[in-house]
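First the structure, in the form of structure tokens, and then the observations on it.
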Amino acid sequence: MAGDALAARAADAMWTDARRVAQGEHIFKGPLGVQLYTVREQAAADLPGTLAAIAQIGYKEVETYWDVYNRPAKELRAMIADHGLSVPSGHFNYEGLESKIDYARELGVKYMICPMLPEKMRASIEGFEAAAAQLNAWGAKVKKAGMQLGFHNHNYEFKSYGSSTGFAALMRLTDPSLVALEMDCYWITQAGQDPVAMMDKLGSRVKMLHLKDRAAGFATSQSLDEAASHFEAVGSGAIAWKQVILEAQKIGVEHYFVERDYGKVPALESLAASYKYLTGLQV
């Protein structure tokens, strides 16, 4: 009986996949967001106007970052909501993160994300181990405040220190109930890793994705420097986005934020191109 039920479910799944292919079903289902660091220059000059432009493209969410915390949290939250956007997540620097817990709670985010470790902590496996302990401690305080702490990767975490990488140490030593992962697909790829395989390995630990593309033909690296920067609008590079999005949906990723650190194309134009590509993806 159990075998028959499993076979029936497998057949149903195969039929569903075939139907999706035949109908050209759109892959992307959830709301798309923008990491506001992408438009930092525009936001510094006119944050309300920048939010309006993001909403006009079609985005529904934004992820905040440190430079927009120069106004009261309730004011920022209202400004974002006034443009029809929500703010499920924000980046808060490692140094001073604990002092921002109350601000994050007033802002209304679900996730407080630590975007990067201080440079001094990246030089040894002991630095990553100390960071893991600190993230666990902060994670407990963030959880008590009704939110979830997360960590955003770059490529430097994948440098090897003997038998371990910094990333492996962080994932091994942080408590999944206290520290989630916001996986940056660009930096995973730049580090020489496969974002699909990484999601398959980490599963529900990955709560959010940063979506930004990487130009083809460049060497991978584990150093965070200018030679590691090959940013493109989503769909203009070499990352296999269909597979990424399908795997993300499979493991239950909650939020997707388009980001581009910099590039030749104006930021809002790049965001519009990324939005068009992602919402147009079909099986």
Could you give the nm distance between label points at residue 60 and residue 141, where each point is 7 Å from its Cα heading toward the beta carbon? 3.4
With x for Gly and Pro, the residue-by-residue ³J(HN,Hα) of the range 211-222, computed from phi through the Karplus equation 6.51 cos²θ - 1.76 cosθ + 1.60 at θ = phi - 60° and given in whole Hz, is 10, 8, 9, 10, 4, 7, x, 10, 6, 7, 6, 10
Please report the antiparallel percentage of the DSSP beta bridges confined to the chain, to the nearest 5. 15
Based on other C-beta atoms within 10 Å, arrange 154, 26, 83 from fewest to most. 26, 83, 154
What is the magnitude of the charge dipole of the range 208-283 about its Cα centre, with +1 placed on the Cβ of each Lys and Arg, -1 on the Cβ of each Asp and Glu, and no other charges, expressed in debye to the nearest 20? 260
Potential lengthening between residue 93 and residue 161 on full extension [0.36 nm per residue; Cα-Cα distance subtracted]: 22.0 nm
For labels at residue 219 and residue 119 in the simple 7 Å Cα→Cβ model, what's the distance in nm? 2.2
Students often forget the sequence filter, so: which lysines lie under 22 Å Cα-Cα from residue 276 once same-chain residues fewer than 8 apart are removed? 29, 60, 212, 242, 264
How do the peptides 124-130, 32-38 rank, highest first, by the average count of neighbouring beta carbon atoms within 10 Å per residue? 32-38, 124-130
For a quick check: sort 66, 187, 241 by the number of other beta carbons within 10 angstrom, fewest at the front. 66, 241, 187
Could you tell me which label, among [x] 0.98; [y] 1.04; [z] 1.02, carries the value of Rg/Rh (Cα atoms, Kirkwood Rh) calculated for this structure? [x]
Could you tally the net charge around residue 229, taking each other residue with its Cβ under 14 Å from the Cβ of residue 229, Lys/Arg +1 and Asp/Glu -1? -3
Dipole of the chain [Lys/Arg +1, Asp/Glu -1 at C-beta], most positive-end residue of 167, 179, 227: 179
With +1 on the Cβ of every Lys and Arg and -1 on the Cβ of every Asp and Glu, and nothing else charged, how large is the dipole of the range 28-280 about its Cα centre, in debye rounded to the nearest 20? 620
Let me spell out the model: positive unit charges on the Cβ of Lys and Arg, negative unit charges on the Cβ of Asp and Glu, origin at the Cα centre of the range 60-127. What dipole size does that give, in debye rounded to 20? 140
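Just so you know, all these numbers are worked out from the coordinates, no wet-lab data involved. This one's a predicted model, so the numbers in the text were calculated from it and none came from an experiment. Every residue, glycine among them, receives a Cβ derived from its backbone with ideal geometry; neighbour counts consider all protein chains shown.
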